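**Q** Just dropping this structure here.
The values are calculated or read from the model by the stated rules, or taken from the named source; none is laboratory data. Source: prediction; values computed, not measured. Methodologically, a virtual Cβ is constructed for each residue, glycine included, from the backbone with ideal geometry; neighbour enumeration extends over all protein chains shown. Accessible surface areas use protein heavy atoms only, side chains included; no ligands, DNA or RNA. Shrake-Rupley method; radii C 1.70, N 1.55, O 1.52, S 1.80 Å.
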Amino acid sequence: RKEVEQDPGPFNVPEGATVAFNCTYSNSASQSFFWYRQDCRKEPKLLMSVYSSGNEDGRFTAQLNRASQYISLLIRDSKLSDSATYLCVVNSGDYKLSFGAGTTVTVRA
Amino acid sequence: GAVVSQHPSWVICKSGTSVKIECRSLDFQATTMFWYRQFPKQSLMLMATSNEGSKATYEQGVEKDKFLINHASLTLSTLTVTSAHPEDSSFYICSASLRRDNPYEQYFGPGTRLTVT
């Protein structure tokens, strides 16, 4: 079983829509969780950390459910510039990060 | 701040040759650097973790004699793909960790796209 699993999508949504997706992780001892964004053929960039109480950064809201071992990301009022692949990232111990394969979001005009 | 560069950004080489990729932290000293590989439509896979002045720690399945890592200073780590073969063609990305108390916070370089013909 992969350490981090994501629905690859793609999620095709119109501008202004809300889109949400999850990822699940297998290591119950994981402590840190992140969402990264990766544009085509570019490096990943940190979008936001995910805290136990859930957190929001502008139009982005992240939630953590430790009991079910999943993390979610919700994007409100989608912009064309939100089109990207969103990577779920979990620390796998010894300061290493495990990456999901990504969920592709395409926002259309 | 926290900028990481990689060089070259892309390289094409012939099978059997060696390729060196540099990763530099430009405006900070990196306690730890990480090397990842990403195949198309797949996740980033950690290859190795390197700390300045010590031997790199390789992930299971990664050949240390094929992927030579040298971390000579707090701002430079190099990955050498020796005797490259077409199956080594991939996107190689390095990252650097800024602080010892938060090694999860990694800053990524722009990646190096390697094509072996």
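**Q** Scan B:5, B:90 and give me the residue that is touching an Asp or Glu at 6+ places or on another chain (Cβ under 9 Å), more than 10 Å from chain A (Cβ to nearest Cβ) and touching a residue at least 40 places away in the same chain (Cβ under 8 Å).
**A** Only one candidate passes the filter, namely B:5.
**Q** Only one of (1) within 14 Å of residue A:73 (Cβ to Cβ); (2) within 11 Å of another protein chain (Cβ to nearest Cβ); (3) touching a residue at least 60 places away in the same chain (Cβ under 8 Å); (4) not β-branched (Val, Ile, Thr) fails for residue A:3. Which number is that?
**A** Residue A:3 satisfies all of (1) within 14 Å of residue A:73 (Cβ to Cβ); (2) within 11 Å of another protein chain (Cβ to nearest Cβ); (3) touching a residue at least 60 places away in the same chain (Cβ under 8 Å); (4) not β-branched (Val, Ile, Thr) except (1).
**Q** Among all residue pairs at least 6 apart or on different chains, which show Cβ distances below 9 Å where the first residue, located in region A:10-25, is acidic (Asp, Glu) and the second is part of a strand (DSSP E or B) and open to solvent by less than 20 Å² (accessible area, probe 1.4 Å)?
**A** A:15/A:107
**Q** A further question on this structure: Using the structure shown, decide if residue A:59 is free of Cβ contacts under 8 Å to residues at least 24 places away in the same chain and either open to solvent by less than 60 Å² (accessible area, probe 1.4 Å) or basic (Lys, Arg) (or both).
**A** Answer is yes for this residue.
**Q** Moving on. Return the pairs, sorted by first residue and then second, in which the second residue is open to solvent by 20 Å² or more (accessible area, probe 1.4 Å) and acidic (Asp, Glu), the first residue lies in region B:44-60 and is within 9 Å of another protein chain (Cβ to nearest Cβ), the beta carbons are less than 7 Å apart, and the residues are 6+ apart or on different chains.
**A** Short answer, once both residue conditions are applied: B:46/B:59.
**Q** Also: Take residue A:78 and tell me if it is over 17 Å from residue B:38 (Cβ atoms), in a loop (DSSP other than H, G, I, E, B), open to solvent by less than 60 Å² (accessible area, probe 1.4 Å) and within 11 Å of chain B (Cβ to nearest Cβ).
**A** Criteria not met by residue A:78.
**Q** Next question, about the same structure. What tally of residues in region B:88-108 results from selecting those that are modelled with pLDDT under 95 and not in a strand (DSSP E or B)?
**A** Total satisfying the criteria: 8.
**Q** Inside region A:25-56, can you point out the residues that are away from chain B (no Cβ under 14 Å), open to solvent by less than 40 Å² (accessible area, probe 1.4 Å) and in a loop (DSSP other than H, G, I, E, B)?
**A** Hit for region A:25-56 is A:54, nothing else.
**Q** Out of the residues in region A:6-24 meeting the condition of being exposed (fewer than 14 other Cβ atoms within 10 Å of the Cβ) and part of a strand (DSSP E or B), tell me which one is nearest to the other protein chains (Cβ to nearest Cβ).
**A** Residue satisfying both the conditions and the ranking: A:12.
**Q** Another one. Return the residue satisfying two criteria in turn: it lies in region B:70-87 and is over 27 Å from residue A:40 (Cα atoms) and assigned to a strand (DSSP E or B), and of such residues it is most open to solvent (accessible area, probe 1.4 Å).
**A** B:70
**Q** Still on this structure, I have one more. Sort out which residues of region B:20-43 are touching a residue at least 60 places away in the same chain (Cβ under 8 Å), surrounded by fewer than 21 Cβ atoms within 10 Å (Cβ to Cβ) and more than 12 Å from the chain's Cα centre (by Cα), and write them in order of number.
**A** Hits for region B:20-43 are B:28, B:31.
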